[in-house]
Amino acid sequence: MSRRTIDLDDTVYDYLLAHSLREHPEQAALREATRTHPRARMQISPEQGQLMALLVKLIGARRCIEIGVFTGYSALSVALALPDDGRILACDVSDEYTSIGKPYWQRAGVAHKIDLRLAPAVETLDARLQAGEAGTYDFAFIDADKTGYDAYYERCLQLLRAGGLVAIDNVLWSGDVARPSEDEDTRALQALNDKLHRDGRIDLSMLPVGDGLTLARKR
Ligand code: CA
């Protein structure tokens, strides 16, 4: 028995999925449809989708934000976990990618919960702040351009209620954040990880799930 997190080789990872994954058929179908996409690496892992769905239920979330939709697997996972009047403000700039997910949202019966906004996310979030919605959201998932993360984080923190949760994807960036780098995405993630470690506005956990997932609970 070790005090550190277990290494997941393929056999153990397959076991984990075989003994925990509970996908809706449309989640499995969307994951399969995205598997051969040239940018398939942008899709979250299924156990991460299931974790986020559990978190959404645990905090009783109704109003969610997603920044970076890609083909819509994470939005589908969260939407399935929300009550019927729950909503996701889903921010992305690609009609091409998000359109792949829409038929799956429809068939799963959750399309009415996903309010897709095709615009730079900072514009969408600033408009919500201008509209007086600070403190009215429960959950936010940030999974978009890494150099934009800090701006998204600050806006999500304002939009969340106390006790709300921000989940931030790719915080370990294939391990690159642990080594000196000149890459601007890596450096942006390093700076954000440093900042959150010291950030007194939140409770914090960095999980080795997927490519690294930070959970930050607004105090
Ligand atoms: Ca990601």
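The values are calculated or read from the model by the stated rules, or taken from the named source; none is laboratory data. Values in this document were obtained by computation on a predicted structure and should not be read as measured data. Note that we place each Cβ from the backbone using ideal geometry, even for glycine, and neighbour counts take in every protein chain shown. Note: areas computed on protein heavy atoms with side chains; ligands, DNA, RNA excluded. Shrake-Rupley method; radii C 1.70, N 1.55, O 1.52, S 1.80 Å.
Kindly establish whether Gly60 is on the phi > 0 side of the Ramachandran plot and surrounded by fewer than 22 Cβ atoms within 10 Å (Cβ to Cβ). Considered against the rule, which asks whether it is on the phi > 0 side of the Ramachandran plot and surrounded by fewer than 22 Cβ atoms within 10 Å (Cβ to Cβ), Gly60 comes out as yes.
When residues of region 98-113 are filtered for being part of a helix (DSSP H, G or I) and either more than 13 Å from Thr71 (Cβ to Cβ) or at pLDDT below 95 (or both), how many remain?
Residues that pass the stated criteria total 5.
Considering the conditions (1) within 15 Å of the ligand (Cβ to nearest atom); (2) in contact with a helix residue (DSSP H, G or I) (Cβ under 6 Å, 6 or more places away or on another chain), Gln48 is excluded by exactly one of them, (2).
Which helices (runs of 4 or more DSSP H) sit wholly inside region 1-87 and have at least 1 residues that are in contact with a Cys (Cβ under 8 Å, 6 or more places away or on another chain)?
Passing ranges, in order: 46-58, 73-81.
Lys218 meets each of the listed conditions (1) within 19 Å of Ala61 (Cβ to Cβ); (2) free of Cβ contacts under 8 Å to residues at least 40 places away in the same chain; (3) not acidic (Asp, Glu) apart from (2).
For region 114-219, the helices (runs of 4 or more DSSP H) that sit wholly inside it and include 2 or more residues that are within 16 Å of the ligand (Cβ to nearest atom) are 149-159, 184-198.
Contact annotation: residue pairs with Cβ atoms under 6 Å, 6 or more positions apart or on different chains, pairing a residue in region 59-73 that is over 15 Å from Leu30 (Cβ atoms) with a partner that is within 12 Å of the ligand (Cβ to nearest atom) and open to solvent by 10 Å² or more (accessible area, probe 1.4 Å), are Ile67/Ala144; Gly68/Asp143; Gly68/Ala144. If you go through region 21-41 and keep only what is crowded, with 18+ Cβ neighbours inside 10 Å and within 13 Å of the ligand (Cβ to nearest atom), you end up with just Thr34.
Residues are listed down the side, and each one gets a yes or a no for (1) more than 21 Å from Arg41 (Cα to Cα); (2) open to solvent by less than 50 Å² (accessible area, probe 1.4 Å):
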residue: Lys113; (1), (2): yes, yes
residue: Phe141; (1), (2): no, yes
residue: Lys146; (1), (2): no, yes
residue: Asp203; (1), (2): yes, no
